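One structure below.
The values are calculated or read from the model by the stated rules, or taken from the named source; none is laboratory data. This is a predicted model, so every value here is computed, not measured. Note: ideal-geometry Cβ built from the backbone for every residue, glycine included; neighbour counts use all protein chains shown. Keep in mind that these areas ignore ligands, DNA and RNA; they rest on the heavy atoms of the full protein, side chains included. Shrake-Rupley method; radii C 1.70, N 1.55, O 1.52, S 1.80 Å.
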Amino acid sequence: MTIADHIREETTLNNIRNLLQNGASYDLISKSFGIPVKKLQDIIQKIKEPNP
């Protein structure tokens, strides 16, 4: 993974985390990012995992 890919992934995770904290629905987030709800759920699971 390149540095740009890592930054892009971290930015996406932060945006999703912020949207969830502000009460956005899975459906809204899914449509906003153009990803299926299942993939969003996988991303949310990744957000919830503790970072070493």
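About its Cα centre, the chain has a charge dipole of approximately 140 debye under the convention of +1 per Lys or Arg Cβ and -1 per Asp or Glu Cβ, with nothing else charged.
Computed from Cα positions, the angle between helix 37-48 and the longest principal axis of the chain comes to roughly 60 degrees.
On the chain, 54 percent of the accessible area sits on carbon and sulfur atoms, based on a 1.4 Å probe.
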